[in-house]
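Data first, discussion second: the structure below is written as structure tokens.
The values are calculated or read from the model by the stated rules, or taken from the named source; none is laboratory data. Remember, it's a predicted structure, so these values are computed and weren't measured experimentally. Cβ: placed from backbone, ideal geometry, glycine included. Neighbour counts: every protein chain shown.
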């Protein structure tokens with residue numbers, strides 16, 4: 001039950017950040033989710049929030065995500081060169 005509540009809270013939070021706030025949370029991961037003293041689920045890590053309305057905004061991604069994307073691209077290129 002707790003897992004379903006957490007997923008619902010995260011879904012509502014991300015929807016608000018993306019739609020209402022016109023922003024992208026660049027560090028949404030397990031480490032940025034916590035509970036307050038009152039037991040409410042909260043999302044942190046807003047130091048890497050980017051506005052989708054800002055033409056010069058930097059869209060942050062985690063090193064882990066970026067490295068996986070890069071690794072996938074490298075593997076794809078290597079696969080193509082071997083075939």
Task: Number of the exception - residue 24 against (1) surrounded by 11 or more Cβ atoms within 10 Å (Cβ to Cβ); (2) modelled with pLDDT of 80 or more; (3) part of a helix (DSSP H, G or I) - done: (3)
Task: Candidate set from the range 27-53 (those that are in a loop (DSSP other than H, G, I, E, B) and modelled with pLDDT of 85 or more); member that is farthest from residue 10 (Cα to Cα) - done: 53
